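Report on the following structure.
The values are calculated or read from the model by the stated rules, or taken from the named source; none is laboratory data. Given the structure is predicted, the values throughout are model-derived calculations rather than measurements. Positions of Cβ are backbone-derived with ideal geometry, glycine not excepted, and every protein chain shown enters the neighbour counts. All accessible areas refer to the heavy atoms of the entire protein, side chains included, with ligands and DNA or RNA removed. Shrake-Rupley method; radii C 1.70, N 1.55, O 1.52, S 1.80 Å.
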Amino acid sequence: MKGGIKIVTIGGGSSYTPELMEGFIKRYAELPIKEIWLVDIEDGREKLEIVGNLAKRMWQASGYPVEVHLTLDRREALKDADFVTTQFRVGLLYARIKDERIPLSYGMIGQETNGAGGIFKAFRTVPVIKGIIEDMRELCPNAWLINFTNPSGMITETVIRRLGWKKCIGLCNVPVTAVMKEPATIGTTSDKLHYRFAGINHFHWHKVFDADGNEVTQQIIEHINDKEGGTPKNIFQAEFPLDLLKSTGVLPCGYHRYYFMKGEMLSHMIDDFKKNETRAEKVKAVEDKLFELYRNPDLSVKPKELEERGGAYYSDAACECISAIYNNKRQMMVVSTENLGSVPCLPPDAIVEVSALISAKGAEPLAWGEMRPHERGWLQLMKAMEECVIEAALTGDYGMAREAFDINPLVENGAEAVKVLHELFVAHEKYLPQFAECISKLKAQGVAPADETVRKLLEEGK
């Protein structure tokens, strides 16, 4: 890293990029960045130019001598990179609309990283991350990969466990949001509390202790249903059953709502679906407004409206993680990394989301200890499902895809589930080359998405 740090962001045209730039700018004294490369694909060219020009204005306003490069050539960007961050969405937000609407059209939860939609997001993303790792082996073999492409846990597991790239850490904004929001519910601040997390991405639990080491988890549980209780803005706040949480004695993450209160969450989502207001469609509208703001040639700061996007704080966590590695901070963060025994009920080489110390050697997970039966059962089921998804995504094995659907708690079993599976395959044909033979057979049988919105997207080539 002599002469300054080179950072490459794949998915550089993302609406989150201004937050990433802001994070690097405020840490410039400890992260002497020389150049940043923002990479995207042809379909994202316009967004890359809009957000890339804003990034250039932000650095120019900062007064720091950082060069920002925009490119559609990933290999050009990766050459001699020190850190690579990934924040791409295969198929853009149109793919997310399909992921949500197709399951909902059959009365099943449609969500970006959970259920049938989450499985297909992984199917589309795993081949792309595999190509990125192949390029990194050749062009920047010593670089760290900081991943916050969803589903973050499965993508990080693919990189570390299946592809063997050990210099990788996965991030998520959900733990960050909890630490930021929860303390106020019991009249204190985060610097006076100690947090411990364990589980897998979007399926973790945590405990909280005060400055004297006294556990205050139960006190926070009493406020988990408060409006500002720590649930990310992108999750409908159906009320957790307090008697269940008091019994478990641990705080679930917001995504547990899809599993613990499936009926209430599904009912809310179907109401939105009928009004053509799924979360994906709302996010598309928010993002369109953001890019209109980004176009303003006088704008040189991250607009506050970005916080409404739903994934706020991802990028800032990435900046902090990179700084912790570069400066050997041994800083506590919640990350996806190798288990190494921190969660004994999962394999040592499985990827878990846990409290860890981040230093120049990467993430050192802190031991949580044995899970209680309730959490252990859920966690082993969800990890088994993830393993099926990753295997199917890497091999194009239709049978493994069926197994992933069968084991996922948000996918109803039976003929309807098979229809959802098949429609999602056809809807995402462009981004599923590993399943080409399977999709060809399904199309020959006349399989096509029944949802009118999805059909229109396909007619428009989206």
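Could you go through the range 174-191 in sequence order and give the Karplus-derived ³J(HN,Hα) for each residue, using 6.51 cos²θ - 1.76 cosθ + 1.60 with θ = phi - 60°, rounded to whole Hz, and x for Gly and Pro?
5, x, 4, 4, 4, 5, 6, 9, 5, x, 5, 5, 10, x, 9, 10, 5, 5
Just to compare against my own numbers: the Cα pair-distance distribution for the range 83-148, 5 Å bins, whole % per bin, please.
All Cα pairs, binned at 5 Å, distribute as 4, 17, 22, 18, 13, 11, 8, 4, 2, 0 percent.
Which whole-number percentage describes the relative contact order of the chain, with Cα contacts under 8 Å and a sequence gap of 6 or more?
Values: 847 pairs, mean separation 82.9, N = 462.
Computed over the chain, the figure is 18 percent.
By the gyration tensor of its Cα atoms, with a ≥ b ≥ c the square roots of the eigenvalues, what is the shape of the range 101-203: rounded for a/c under 1.5, prolate for a/b over b/c, or oblate?
Details: a/c = 3.21, a/b = 1.23, b/c = 2.61.
Oblate shape, in that a/c is at least 1.5 and b/c is the bigger or equal ratio.
Note the count of lysine pairs whose C-alpha atoms are less than 17 angstrom apart in the range 1-120, limited to pairs 8 or more residues apart or on different chains.
Value for the range 1-120: 11.
Expressed as a whole percent, how much of the Cα-Cα distance distribution for the chain exceeds 38 Å? List each step's numbers first, then the result.
Working: 20907 of 106491 pairs.
Tail of P(r) above 38 Å: 20 percent of Cα pairs.
Considering only protein heavy atoms, with the full assembly of protein chains and a 1.4 angstrom probe, order 293, 104 by accessible area, largest first.
293, 104
For the range 325-462, what number of Lys pairs, 8 or more residues apart or on separate chains, have alpha-carbon atoms under 28 Å from each other?
17
Just the accessible area per residue of the chain, please: how many Å² with a 1.4 Å probe?
Working: 18080 Å² over 462 residues.
Per residue, the chain has an accessible area of 39 Å².
Once fully extended, how much extra length lies between residue 79 and residue 416, figured as 0.36 nm per residue of separation less the alpha-carbon to alpha-carbon distance? Working shown, then result.
Details: separation 337, 0.36 × 337 = 121.32 nm, distance 4.71 nm.
Here the answer is 116.6 nm.
Based on alpha-carbon centroids, what's the gap between the range 377-432 and the range 101-124 in Å, whole number please?
Value for the Cα centre distance between the two parts: 10 Å.
Taking 45 Å as R0, compute the FRET efficiency from the Cβ-Cβ separation of residue 288 and residue 166 and round it to 0.05.
0.70
What are the GluC sites (Glu not before Pro) within the range 249-308 that DSSP puts in a loop, where the Cβ has at most 11 other Cβ atoms within 10 Å? Don't skip to the answer; put the middle values down first.
Values: sites: 264, 277, 281, 287, 292, 305, 307, 308; in loops: 277.
Those that pass, being in a loop and sparsely packed, number zero.
Collect residues whose amide H, placed 1.01 Å from N in the peptide plane, falls under 5 Å from the amide H of residue 33; neighbours closer than 5 in sequence don't count.
Long-range HN contacts for residue 33: 5.
Run through the DSSP bridge list for the chain and note the antiparallel percent, rounded to the nearest 5. Present the calculation step by step, with values, prior to reporting the outcome.
Working: 25 of 47 bridges.
In the chain, DSSP labels about 55 percent of beta bridges as antiparallel.
Any idea what Rg and Dmax come out to for the range 203-297 if you just take the C-alpha atoms, in Å?
17.3, 55
So which trypsin sites (Lys or Arg not before Pro) in the range 366-439 pass both tests, a DSSP loop state and at most 10 other Cβ atoms within 10 Å of the Cβ?
Values: sites: 376, 383, 402, 419, 430; in loops: none.
For trypsin sites (Lys or Arg not before Pro) across the range 366-439 that sit outside H, G, I, E and B with at most 10 neighbouring Cβ atoms in 10 Å, the list is empty.
The range 151-207 to the range 31-69: how many Å between their Cα centroids?
Taking the Cα centre of each part, the range 151-207 and the range 31-69 sit 28 Å apart.
Each residue of the range 400-410 in turn: what ³J(HN,Hα) in whole Hz from Karplus with 6.51, -1.76, 1.60 and θ = phi - 60°, glycine and Pro shown as x?
Working through the residues one at a time gives 5, 5, 4, 5, 4, 5, 5, 8, 6, x, 9 Hz.
Between residue 328 and residue 225, what is the FRET efficiency for a Förster distance of 30 Å, r being their Cβ-Cβ separation, to the nearest 0.05?
On the way: r = 41 Å, r/R0 = 1.35.
It comes out at approximately 0.15.
Can you give the convex hull volume of the alpha carbon atoms of the range 1-123 per residue, in Å³?
Numbers: hull volume 13.9 nm³, N = 123.
Considering the Cα atoms of the range 1-123, their hull volume per residue is 113 Å³.
For residue 395 and residue 296, calculate 0.36 nm times their separation in residues minus their Cα-Cα distance, and state this gained length in nm to one decimal.
On the way: separation 99, 0.36 × 99 = 35.64 nm, distance 4.47 nm.
Gain on extension, residue 395 to residue 296, equals 31.2 nm.
Which value in nm describes the separation of the simple spin-label points at residue 436 and residue 61, placed 7 Å from the Cα toward the beta carbon?
Once both label points are built, they end up 4.6 nm from each other.
Are there any GluC sites (Glu not before Pro) in the range 206-259 that are in a DSSP loop and have at most 11 other Cβ atoms within 10 Å? List them by number. Please list the in-between numbers first.
Numbers: sites: 215, 222, 228, 239; in loops: 222, 228, 239.
Here the GluC sites (Glu not before Pro) that fit, given the DSSP loop and packing criteria, are 228, 239.
Which length gain, in nm to one decimal place, applies between residue 28 and residue 262 when the Cα-Cα distance is subtracted from 0.36 nm times their residue separation?
Residue separation times 0.36 nm, minus the Cα-Cα distance, leaves 79.8 nm.
Which FRET efficiency, nearest 0.05, do residue 212 and residue 69 yield, Cβ-Cβ r, R0 60 Å?
On the way: r = 50 Å, r/R0 = 0.84.
Given R0 = 60 Å and the Cβ-Cβ separation, E is 0.75.
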